[in-house]
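Have a look at the structure below, then the notes.
No lab work stands behind these numbers, since they all come straight from the coordinates. Note that this is a predicted model, so its numbers are computed, not measured. Every residue, glycine among them, receives a Cβ derived from its backbone with ideal geometry; neighbour counts consider all protein chains shown.
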Amino acid sequence: QVQLVESGGGLVQPGGSLRLSCAASGFTLDDSVIGWFRQAPGKERERISCISGSDGSTYVADSVKGRFTISRDNAKNTVYLQMSRLKVEDTAVYSCAAASSSTLLTCFYDMGHWGKGTLVTVTS
């Protein structure tokens with residue numbers, strides 16, 4: 001039974017930081033690709049970062065590059081998203097998704113398993 005559970009969301013001021021976690025169960029990261037996505041009100045879902053559990057290769061969207069860092073801990077079967085220098089426009093529901101794949105590009109096409117998401121609100 002594949003399950004993804006996000007945590008770490010909350011309320012933060014502009015310029016602040018949050019660390020999101022995506023805890024995976026029912027599979028191992030070693031042969032998987034994990035992605036972080038977000039959706040803000042009135043906007044399409046945006047792919048913000050992906051990581052390969054096998055070789056650690058990453059993708060980071062231009063909108064968050066230099067501010068967000070994706071990482072993994074295969075022993076804990078957990079993927080993290082460290083978010084720094086947050087902006088109001090980062091406010092969104094952040095979800096993680098997974099696919100059984102060794103190819104990072106799978107993050108762009110066929111992420112079959114999704115978590116329920118965690119809300120990040122950036123406001124003064």
- [ ] Any lysines with Cα under 28 Å of the LYS43 Cα? List them, leaving off those in the same chain fewer than 8 positions away.
- [x] LYS65, LYS87, LYS116
- [ ] Add +1 for every Lys or Arg and -1 for every Asp or Glu among the other residues with Cβ under 15 Å from the Cβ of ASN77, and state the total.
- [x] -2
Task: Percent of Cα-Cα distances greater than 23 Å, calculated over the chain - done: 23 percent
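Go ahead and run the numbers for FRET between ARG45 and GLN1, Cβ-Cβ distance against an R0 of 35 Å, rounding to 0.05. Spell out each step's value before the answer.
Working: r = 24 Å, r/R0 = 0.70.
Working from the Cβ atoms, E equals 0.90.
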TODO: Let me know the charge dipole size of the chain about its Cα centre in debye, to the nearest 20, where only the beta-carbon of Lys, Arg (+1) and Asp, Glu (-1) is charged.
DONE: 380 debye
Open item on the list: How far apart, in nanometres, would the label points at THR123 and LYS65 be if each is projected 7 angstrom from Cα along the Cα-to-Cβ direction?
Closed with: 3.2 nm
- [ ] Mind checking which aspartates and glutamates have their Cα closer than 18 Å to the Cα of LYS76? Skip sequence neighbours fewer than 8 apart in that chain.
- [x] GLU6, ASP30, ASP31, ASP55
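What is the calculated FRET efficiency for ALA75 to ARG19, with r their C-beta to C-beta distance and R₀ = 22 Å, to the nearest 0.05?
On the way: r = 18 Å, r/R0 = 0.80.
Result of the calculation: an efficiency of 0.80.
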